[in-house]
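Chemist: Below you will find the structure I want to go over with you.
A short reminder: the numbers here are calculations on the coordinates, not readings from a lab. Remember, it's a predicted structure, so these values are computed and weren't measured experimentally. All Cβ positions, even for glycine, are placed from backbone atoms using ideal geometry, and neighbour counts span all protein chains on display.
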Amino acid sequence: MSRTRIRRIVATEVVVPAKAGTIESAGLHQPLHKLPMHGTRGWTLQFDELPKVVLQLELADGTVGLGELYRAHDWATVDAVGEALVGIDLSGLCRQDLPFGKTREYDGFEVAIWDAYAKHLNLRVVDLLGGPIRSRVEVSAWSGHRTVAEVGEVARHYLELGFTTLKLKCSRDDDVVAWCVAIAEKAPGMQVVLDPNERFDHVADARRIAVALQEIGNVSCLEDPIPQWMLEEWRELRRSVTIPVARHVSLPYTSLGNRLSDAVTAVRYGTVDGFNFNAGFADFQRLEHVADVAGVPCWHGSEVDLGILEAAYVQSCAAARSCTWPSDIFGRFIRSHDLLRLPLDLQPPHVLVPSGPGIGVELDEEALAHFRTAEKEYPS
């Protein structure tokens, strides 16, 4: 029997809430889960209310690969993929194109497969990706919506911890100009990334806001200021303001139509100054290569995840030449636990690339049991 045959997979569902006060200001309720779920509309559920699945993929030689699914999984898909993978020999798999569909569950299983295979070879995943370009990855602080009265203190707190960039979720109803004035006063030197998730709606709104922000001078990037399909408006906005604009290409958002080719389209039409990419190991590398060849920077996005996915992101970023903007690897500061035995080595504004094999982290079994809400096993 091959030592790299998948012997079994354990899928553990968890719900890990955020620490009090880390998402948004008291009195605000601005849910951040963008997708509809179980008949609800998008933007009606807070991300930490939703379950996640941790995967333990065990090989015949006892090696265990760790994976983590994005929030709001579909158990029917998890069952189908788990049952199909058990008994397969990893040495015969093309890890760039795994034999199941590109659903939201794909990347979590991909992480488990790459982690197990790299551990079997006593290599880091970054080595399988071509080797590290950097030994530490720049990361940003993060927050949801804040009041004007509080946002400056939030920024100062993270600046004192060593972060140099703060990413803020926002919408057209937020007074982001007043936010940035408060941050400039309370946390001079802190750069701000504003992410309205396409909700500035019209180019006129986005331009008006961006022109006012230019005067303050602490906004390093506007991410997805207007709807992504408005290519001409994106190009017009980019030409009319000095603040860089970035496009979020998030392949896990299959229901919203995000595709690999979106990065090519953005470069071809000159609509962006950089990218935020969300994808698994193989597809992140494909997207990063587009940015690299086009000569534009990128960063790795997240869904305010737990430690396994964030460790995977660090591996991807370390191998990506164009990944020079601060990445969204910040879940440990938001979630009440990252489910890791030892957390990632965060030395703000950087996280160090783990030195161990695979993605370089170990699961905290006690924490997993504490937050567990369901569990399934797929045996051979």
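Chemist: Run the helix sum for the chain: -39,500 (n - 2.57) per DSSP H stretch of 4+ residues, divided by residue count, reported at 222 nm to the nearest 500 deg cm²/dmol.
Modeler: -9500 deg cm²/dmol
Chemist: While we're on this one: What's the whole-number percent of alpha carbon pairs in the stretch 136-352 lying beyond 22 angstrom?
Modeler: So the portion of pairs separated by more than 22 Å is 49 percent.
Chemist: Mind checking which of Gln285, Gly257, Ala187 is farthest towards the positive end of the chain's charge dipole, using Cβ charges of +1 (Lys, Arg) and -1 (Asp, Glu) about the Cα centre?
Modeler: My answer, from the dipole projection, is Gln285.
Chemist: Would you calculate the separation in nanometres between label points at Ser336 and His29, each defined as 7 Å from the Cα along the Cα-to-beta-carbon direction?
Modeler: 2.0
Chemist: If you don't mind, there's one more thing I want to ask. How far is it, in nm, from the label point at Val148 to the one at Leu231 when both lie 7 Å from their Cα along the line to the Cβ?
Modeler: That separation, rounded to one decimal, is 3.9 nm.
Chemist: Sticking with this one: Distance from the Cα centre of the stretch 149-174 to that of the stretch 66-83, in angstrom?
Modeler: Centre-to-centre distance over Cα atoms comes out at 34 Å.
Chemist: How many angstrom lie between the C-alpha centres of the stretch 189-245 and the stretch 13-54?
Modeler: 26
Chemist: For the Cα atoms of the chain, what angle does the longest principal axis make with the long axis of helix 75-85, in degrees from 0 to 90, nearest 10?
Modeler: So the inclination is approximately 50 degrees.
Chemist: So, one more: In whole percent, what relative contact order does the stretch 209-322 give with Cα contacts below 8 Å and a gap of six or more residues?
Modeler: The normalised contact order for the stretch 209-322 reaches 21 percent.
Chemist: Would you mind telling me the antiparallel percentage of the DSSP bridges in the chain, rounded to 5? Display every interim value, and only then the final one.
Modeler: Values: 30 of 54 bridges.
Restricted to the chain, the bridges split so that about 55 percent are antiparallel.
Chemist: Taking a ≥ b ≥ c as the square roots of the eigenvalues of the Cα gyration tensor of the stretch 11-168, is the shape rounded (a/c under 1.5), prolate (a/b larger than b/c) or oblate? Walk me through the numbers before you get to the answer.
Modeler: Values: a/c = 2.90, a/b = 1.54, b/c = 1.88.
Oblate, since a/c reaches 1.5 and b/c is not below a/b.
Chemist: Enter the angle in degrees (range 0 to 90, nearest 10) between the Cα long axis of helix 281-294 and the first principal axis of the Cα atoms of the chain, meaning the one along which they spread out most.
Modeler: 40
Chemist: Please report how many Lys pairs in the chain have alpha carbons closer than 23 angstrom, counting only residues at least 8 apart along the chain or sitting on separate chains.
Modeler: 14
Chemist: I'd like the distance separating the alpha-carbon centroids of the stretch 265-295 and the stretch 296-360, in whole Å.
Modeler: 19
Chemist: Here's another thing I want to ask about it. Taking 0.36 nm per intervening residue step and subtracting the Cα-Cα distance, what contour gain separates Ala369 from Glu83 on full extension?
Modeler: Values: separation 286, 0.36 × 286 = 102.96 nm, distance 2.31 nm.
Going from the current span to full extension adds 100.7 nm.
Chemist: Right, next: Can you give the extra length, in nm with one decimal, that the chain gains between Glu215 and Val15 once fully stretched, where that is 0.36 nm per residue apart less the Cα-Cα distance?
Modeler: 67.8 nm
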